[in-house]
Amino acid sequence: MSAWLALALAAGCASAVTAFAGEKSSAIVIQSYERGLSAIRAANPAVKLSLGRDPSLPDGLVLSIDYPAPSGNPAGRDIWCDAENADWTRGHAISFQVKPDHAMRLSVSFQDRNRVAYTSWNELKGGVWQTVRIPFDQIQPNPYFQPPGANKGAPIDVSKVTSIGFAPQDPAAGRLAIGPFAVVD
C-alpha cells in the first residue's frame, strides 16, 4: 500500500482515497507525525504525548495524548502541530480520525493568513474511532480569543496556515488518540 493511500485511509479521507485511485489525490497532508514529536508541542508539560500505531487503523502513526484535569489556564491542555503543508486552498475541509477513552468535546483551531483564529468544537463518542470533518465554509472565528493584529473583517484565507491545534474540552483528565490531519475536498 502506498504511503499516500495509507495516510488518506488513516485520516478517514474517503474522497482522497477515491481520488488517489485515479492518480489525482486531492488530500493535503497537514500533519502525518512522520517527523516524530519534534513538530508537536503541548502548552503544559503535564500533557503527555507519544506516537505509536493502532491495529484498528491501516498503516499510519497515531498521536496518543494523556491529559490532566483542567486548570485555571484556558490553554493548559492545548496541543499544536506544525503544518507540513501550509497552503490548504486546494481543499474544502479538515479531516482526521480520533478515539477518546470517554465521550468528550474536542476543539480544533488554526490561524489563517489574516491571523484570524478559527475554532471548531466537536462532540466525540468514547472508545471508538470516528472521523471528524470540519468544512472551511462552516468553521467560525473563535469568539473567545483573537490574536493581536487579526484582520477580523477579512474572509477566511487558508493559503498560509502554519499549524493546527486541538484541545480536550473535558471536565476530567483523560486519554485520546488522534490520526493524521489532512485537508480534503
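When the strands (runs of 3 or more DSSP E) confined to segment 55-105 are screened for residues that are more than 23 Å from V183 (Cβ to Cβ), those reaching at least 2 such residues are found at 62-67.
Note on segment 127-160: residues that are among the aliphatic types (A, V, I, L, M) and either part of a strand (DSSP E or B) or in contact with a Gly (Cβ under 7 Å, 6 or more places away or on another chain) (or both) amount to 2. Checking each residue in segment 26-54 for being out of contact with any Gly (no Cβ under 9 Å at 6 or more places or on another chain) and not in a strand (DSSP E or B) picks out E34, R35, G36, L37, S38, A39, P45.
The residue pairs whose first member lies in segment 79-90 and is surrounded by fewer than 21 Cβ atoms within 10 Å (Cβ to Cβ), whose second member is of a type in the set (K, R) and modelled with pLDDT of 95 or more, and whose beta carbons are closer than 7 Å, counting only pairs six or more residues apart or on different chains, are W80/R41; A86/K160; D87/K160.
Please go through segment 59-75 and pick out each residue that is surrounded by fewer than 16 Cβ atoms within 10 Å (Cβ to Cβ) and either at pLDDT below 95 or of a type in the set (A, V, I, L, M, F, W, C) (or both). Those that are surrounded by fewer than 16 Cβ atoms within 10 Å (Cβ to Cβ) and either at pLDDT below 95 or of a type in the set (A, V, I, L, M, F, W, C) (or both): D59, A69, S71, G72, N73, P74, A75. Contact annotation: residue pairs with Cβ atoms under 9 Å, 6 or more positions apart or on different chains, pairing a residue in segment 58-72 that is closer than 17 Å to G127 by Cβ with a partner that is of a type in the set (V, I, T), are V62/I178; S64/I178; I65/V47; I65/I79; I65/I178; D66/V47; Y67/V47; Y67/I79. Taking into account only those residues within segment 106-126 that are not in a loop (DSSP other than H, G, I, E, B) and not polar (S, T, N, Q), which is surrounded by the fewest Cβ atoms within 10 Å (Cβ to Cβ)? Selected residue: E123.
The values are calculated or read from the model by the stated rules, or taken from the named source; none is laboratory data. Everything numeric here is computed off the predicted structure, so don't read it as measured data. Using ideal geometry, Cβ is built from the backbone for each residue, glycine included, and neighbour counts are taken over all protein chains shown.
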